[in-house]
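Notes follow once the structure below has been shown.
The values are calculated or read from the model by the stated rules, or taken from the named source; none is laboratory data. Just so it is clear, the model here is predicted, and its values are computed rather than measured. No Cβ is skipped: glycine too gets one built from the backbone with ideal geometry, and neighbour counts run over all protein chains shown. Accessible surface is based on the protein model in full, side chains and every heavy atom, while ligands, DNA and RNA are left aside. Shrake-Rupley method; radii C 1.70, N 1.55, O 1.52, S 1.80 Å.
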Amino acid sequence: MKKKITLRDGIRIEHLWALAVLVGIFVFVNTHPIQPYDFWFHIATGRETIQTVRIPEQDTFSYTAFGYPYSSNNIYWLAQIFLFGVYETGGPAWVILISSLVITTAYGLLISLGYLLTRNWRAAAAGALFAAALSIDNWNVRPQILAYLYATLCIWLIWSFRQNGRRAHLALYPVIMLFWVNTHGTFFIGLLLLVLWVLDEAWKVYAHLRGYQQLRLIVLVPPLVISFLSILACLVNPQGIFIIQTITNVSSNRFIQDLIVEWQPPDFTGYSGILYLLLLAFSGFLLIHNRRQTNLFQVLCFLSFGLLGLRYVRAMIWFGFALSPTVAMGVSVLLNRFQRASGPISTSRVIKLLNLAVLSLIVSLAVFSLPWFKHLWPVIPEKRGLVAYNTPIKATQFLLDANLPAPVFHDMAFGSYLTWAAVPRYRVFVDPRIELYPAEIWNDYLKLNTASPDWQNLLDKYGIQTLMLYRKDQALLIDAVYRSGGWVQQYQDETSVVITRR
């Protein structure tokens, strides 16, 4: 029987593998600036919710859709209040740190689960690394990061119950769903996991009936009871059952599909699409190679989440989470065979000292990565600050100080920051709340961005007096405005340019 390796045996290379994965994630998120798209309008809404003591159900940030119904706030309200509270308390540095801790904890749960299933720290680290590889592009600060924690908690609860049968832990599942449904629209992931678990247990009942002519319905009780309670928990939200309609409206919105890469199928000529195919094939190989331990729950997770990942880029994240335990188990089998072939690993005093030295280096790296030390890192200019370089902080301050005429036309990402820093003095043309704005608005926005022949008529249509444009993505419009002779530049920096009518 293989001896279980624990921390009581001293720091070994097995522990360092797991720690390196977690610290790598922690360092990456700590050194990643807050991106403009999904953060600022969420904390602006959180601020409004706190100030008015109600969840805003109509738009108050734009002049193109002012007063329009916006039910999506009913999905995010808890996360919006949370993010606003963190930002108001500690500013960008604390937002980044709390985000790092939430995300790292999610992957820490996967490592914990992998070790529970395999008793192998290397395999557990491999399972978490598998999930991290599919989500590294989606660690920006936004409500979804809390969903990562909820999802890994749900996966941990299901697998740990299947492993050791502790029913008391399962009582947490409906509580998690209660928070999840009021935080992010991906709460259906938690319900899908329960459906797959119920199907697996139902298959066991059927197989036992066929083999032994005995009907063992008792195994269905835990998943069915937890599923029922979780569904009830999901109804405890500002919209009740109608929250499904809100999610459907968002997921079926044409402009969300067109404008946001996350809602499109993977591009299999790009690195993320190729990576997904490789990891999809790798996890499928492990299921087949480890078929004696493979169960229906794993196969259903592979099929359902795999198909979701083929349909939406953002669903690749959930495939990584759902298949992490399967990958850990499969890698454990491969590692056990390798270790038997290569013999025992050295545990000499020198090796132990080297492990302690590596541990010290990893811990130092984690501390050194804290947001307060970021200015010491040799990172590229675009990632140097706590807030992303394409956040128009200086341009917005100039807009306010100079009291330039409204309304303003701007880049969509700029609109997110303007909702936080300039409303109500300057309401926005559009922002990343894509489902809020009618098709006409988005069509006009896209025409303006590309400086279509009627761009001047479109600016006149909305009475635009000031332009705050992103030099990278709106270069065509900037060039057309300069050549027209009817506008004058008021401000520019490395990111943005502010122009007003003559």
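Assorted remarks:
- Going by accessible surface with a 1.4 Å probe and the largest first, SER496, SER304 read SER304, SER496.
- Among the trypsin sites (Lys or Arg not before Pro) in the stretch 413-455, those located in a DSSP loop and surrounded by at most 13 other Cβ atoms within 10 Å of their own Cβ are ARG425.
- In plain terms, the C-alpha convex hull of the stretch 1-154 casts an average shadow of 11.2 nm² when viewed from every direction.
- Taking every protein chain into account, the accessible area of the stretch 27-136 amounts to 33 square angstrom per residue (probe 1.4 Å).
- Förster radius 30 Å - calculated FRET efficiency between ASN336 and GLN264, Cβ distance, rounded to 0.05: 0.15
- Were the residues from ILE274 through ARG384 laid out at 0.36 nm apart, the gain over their Cα-Cα distance would be 36.7 nm.
- Taken along the Cα-to-beta-carbon direction at a fixed 7 Å, the label points for LEU296 and SER251 span 2.4 nm.
- Applying 1/(1 + (r/R0)^6) with r as the Cβ-Cβ distance of TYR206 and ALA406 and R0 = 60 angstrom yields a FRET efficiency of 0.35.
- Long-range HN-HN contacts of GLN58 with modeled amide H, under 5 Å: TYR70
- For the stretch 417-433, the Karplus equation 6.51 cos²θ - 1.76 cosθ + 1.60, evaluated at θ = phi - 60°, returns couplings of 5, 4, 4, 7, 9, 10, 6, x, 4, 10, 7, 9, 7, 8, 7, x, 7 Hz by residue, with Gly and Pro reported as x.
- Spread over its residues, the convex hull of the C-alpha atoms of the stretch 268-407 is 222 Å³ per residue.
- Per residue value of the accessible surface for the stretch 139-204 (all protein chains in place, 1.4 Å probe), Å²: 34 Å²
- In a DSSP loop and with at most 12 other Cβ atoms within 10 Å, the GluC sites (Glu not before Pro) in the stretch 406-502 are GLU494.
- Beta bridges by DSSP in the chain, antiparallel share as percent, to the nearest 5: 70 percent
- If you bin all the Cα-Cα distances of the chain at 10 Å, starting from zero, the percentages per bin are 4, 17, 25, 24, 16, 9, 4, 1, 0.
- With K and R counted +1 and D and E -1, the other residues having a Cβ less than 14 Å from that of VAL86 yield a net charge of +1.
- Surface composition of the chain: carbon plus sulfur atoms hold 65% of the accessible area, using a 1.4 angstrom probe and ignoring ligands, DNA and RNA.
- Longest segment of the chain lacking chymotrypsin sites (Phe, Trp or Tyr not before Pro) that sit in a DSSP loop with at most 13 other Cβ atoms within 10 Å: 269-502
- Spatially, the stretch 478-502 and the stretch 124-163 are offset by 45 Å when compared through their Cα centroids.
- Mean residue ellipticity (222 nm) of the chain, computed from DSSP H runs ≥ 4 via -39,500 (n - 2.57), nearest 500: -20500 deg cm²/dmol
- The stretch 373-502 - accessible surface per residue (Å², probe 1.4 Å): 44 Å²
- Kirkwood Rh, Cα atoms: Rg over Rh of the stretch 351-416: 1.31
- ILE34 long-range amide H proximity, modeled H, under 5 Å: VAL387, ALA388
- Built from the Cα atoms of the stretch 266-327, the convex hull projects on average onto 3.7 nm², one quarter of its surface area.
- Kirkwood-based shape ratio for the stretch 175-306, expressed as Rg/Rh from alpha carbons: 1.05
- Loop sites in the stretch 289-391: trypsin sites (Lys or Arg not before Pro), DSSP, at most 15 other Cβ within 10 Å: ARG291, ARG292, ARG384
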